[in-house]
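*Asks:* Have a look at the structure that comes next, please.
What follows draws every value from the coordinates through simple rules; no lab data is involved. What you see is a predicted model; the values in this text were computed from it and never measured. When we count neighbours, we look across all protein chains shown, and the Cβ atoms used for this are built from the backbone with ideal geometry, even at glycine.
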Amino acid sequence: MPSNRNSRHRLLLRTAAVTGGLALASTLTACGGASSADSRAGEKVVTVYSADGLKSDKGDGWYDTVFAAFTKKTGIEVKYVEGGSGEMVQRALREKTNTQADVLVTLPPFIQQAGGKGLLQAYRPQGSDQVSGANKAADGTWTSVVNNYFGFVYNKKELAEAPKTWEELLDAKYKGRLQYSTPGVAGDGTAVLVKSMHDFGGKEPAMEYLKKLQANNVGPSSSTSKLAPKTDKGELLVANGDVQMNFAQSKSMPNLGIWFPAKDGGKPTTFALPYAAGLVDKAPHTANGRKLLDFLLSEDSQKLVSEVGGGFPARTDVKPTDANAVELTRIMAGVEVFEPDWADIDQNLTGYVDAWKSATGS
């Protein structure tokens with residue numbers, strides 16, 4: 001799952017209609033006209049429902065930059081609604097008979113969940129042929145626009161070095177100073193389940209561990225983004241997050257360090273947690289949604305993913321060499337990347353979350 005993340009439980013409606021900004025040179029085509037569902041096709045607007053992490057309150061995030069360029073290029077205003085991945089899917093689901101969103105961006109497994117619930121229509125944006133198969137849907141309902149990886153943060157001032165293992169987090173010094181976001185609500189919180197089940201070798205041993213960890217856990221948090229500032233200030237020693245978000249946050253949070261837990265005796269691991277975007281079924285501005293998806297995957301937009309957003313380009317043919325890209329490569333060195341069985345997680349997510357609730361008493 002690389003950016004200042006706002007609350008995963010408070011939806012923020014923002015208008016990112018800006019004049020000026022960086023003009024990205026890219027060719028925009030709608031790849032077909034407006035569909036019959038394009039009920040307000042004449043309006044120069046596109047509404048994006050997105051997981052937090054790519055927009056900055058300071059106006060200097062990847063979304064800020066690219067949305068500005070998109071509006072300048074096309075005259076189309078971007079209306080932005082932000083929340084947790086699961087929250088965005090649930091909102092879109094509630095609005096299914098009166099669709100408001102044109103583009104939905106979430107972390108896995110929620111983008112697969114959105115597809116399974118019929119919330120997305122097939123559209124393969126220009127440039128999606130350069131996105132690896134694991135990072136896009138075979139049926140064309142979604143494709144990654146920014147790559148990212150799950151991770152943890154620690155306070156570099158209070159801890160001489162990052163913890164190395166899951167087991168270290170059971171130490172009493174972390175009591176009341178460790179927190180992770182809520183599985184089933186936050187994408188990064190759900191990632192805690194995915195990684196722990198992988199590292200411990202299954203659901204049961206993972207839940208046994210998380211039950212023990214609960215003694216040190218501050219408690220549930222629907223917002224992953226709020227945990228990094230608490231860690232930087234020393235209120236927490238350790239929290240979950242993701243590389244893109246936390247790397248971007250570390251620019252203004254000097255005590256924030258990124259690390260990846262290992263099972264005792266094993267290697268540090270992580271998995272890709274990309275921002276995946278899809279065109280919403282029966283979107284009120286389908287043609288504008290297609291144009292925005294094309295723009296997000298354009299070479300010029302992708303070249304800014306690391307430099308501006310602190311993330312990893314979704315396109316394999318875009319290989320940035322900026323200072324952020326170099327540092328991100330260093331952070332990922334020596335970390336084993338595994339590929340989750342997203343089909344299994346999508347099918348059994350409710351059961352996994354229920355098992356976590358039972359184990360932790362949440």
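*Asks:* Subtracting the Cα-Cα distance from 0.36 nm times the residue separation, let me have the gained length for Asp60 to Asp346 in nm, one decimal.
*Replies:* Details: separation 286, 0.36 × 286 = 102.96 nm, distance 3.36 nm.
99.6 nm is the gain from fully extending Asp60 to Asp346.
*Asks:* Fully extended, how many nm does the chain gain between Ala160 and Ser358 (0.36 nm per residue separation, minus their Cα-Cα distance)?
*Replies:* Working: separation 198, 0.36 × 198 = 71.28 nm, distance 3.47 nm.
Here the segment from Ala160 to Ser358 would lengthen by 67.8 nm.
*Asks:* Then there's this: Filter Lys164/Lys195; Lys267/Lys303; Lys175/Lys251; Lys117/Lys357 down to the pairs with a C-alpha to C-alpha distance above 20 Å, please. Working shown, then result.
*Replies:* Values: Lys164/Lys195 15 Å; Lys267/Lys303 31 Å; Lys175/Lys251 28 Å; Lys117/Lys357 24 Å.
Beyond 20 Å: Lys267/Lys303; Lys175/Lys251; Lys117/Lys357.
*Asks:* Can you compute 3J(HN,Hα) from phi for each residue in the range 129-143, using the Karplus curve 6.51 cos²θ - 1.76 cosθ + 1.60 with θ = phi - 60°, rounded to whole Hz and x for Gly and Pro?
*Replies:* Calculated HN-Hα couplings, in order: 5, 9, 9, 4, x, 6, 9, 7, 7, 4, 8, x, 7, 7, 8 Hz.
*Asks:* Nearest 5 percent is fine: what portion of the DSSP beta bridges confined to the chain is antiparallel? Present the calculation step by step, with values, prior to reporting the outcome.
*Replies:* Numbers: 28 of 45 bridges.
Antiparallel bridges: around 60 percent, rounded to the nearest 5.
*Asks:* Moving to a separate point now. For every helix of n ≥ 4 consecutive DSSP H residues, a contribution of -39,500 (n - 2.57) applies; sum these over the chain, divide by its total residues, and give [θ] at 222 nm rounded to the nearest 500 deg cm²/dmol.
*Replies:* Working: 11 runs with 118 residues, N = 362.
Roughly -10000 deg cm²/dmol at 222 nm, from the helical runs in the chain.
*Asks:* Report the label-to-label distance for Arg330 and Leu170 in nanometres (one decimal), using points 7 Å from each Cα along the Cα→Cβ vector.
*Replies:* 3.4 nm
*Asks:* Continuing with the same structure: Multiply the residue separation of Thr74 and Gln130 by 0.36 nm, subtract the distance between their alpha-carbon atoms, and state the gained length in nm to one decimal. Could you put the intermediate results ahead of the total?
*Replies:* Numbers: separation 56, 0.36 × 56 = 20.16 nm, distance 2.39 nm.
Length gained, Thr74 through Gln130: 17.8 nm.
*Asks:* A further question follows. Between Val337 and Lys211, with labels modelled 7 Å along Cα→Cβ, what's the label distance in nm to one decimal, could you check?
*Replies:* Reported label-point gap for Val337 and Lys211 is 3.5 nm.
*Asks:* For every other residue with a beta carbon closer than 12 angstrom to the beta carbon of Leu93, add +1 if it is Lys or Arg and -1 if Asp or Glu, then tell me the sum. Spell out each step's value before the answer.
*Replies:* Values: positive: Arg91, Arg94, Lys96, Lys117; negative: Glu87, Glu95, Asp281.
Spelling it out: positives minus negatives among the neighbours equals +1.
*Asks:* Moving on to the next point. May I have the convex hull volume per residue, in Å³, for the Cα set of the range 57-132?
*Replies:* Numbers: hull volume 10.2 nm³, N = 76.
About 134 Å³ per residue, rounded to a whole number.
*Asks:* Could I have the simple spin-label model distance between Ala323 and Thr97, label points 7 Å from Cα toward Cβ, reported in nm to one decimal?
*Replies:* 5.5 nm
*Asks:* Moving on to the next point. Cα gyration tensor of the range 228-362, axes a ≥ b ≥ c as square roots of the eigenvalues: rounded (a/c below 1.5), prolate (a/b > b/c) or oblate?
*Replies:* oblate
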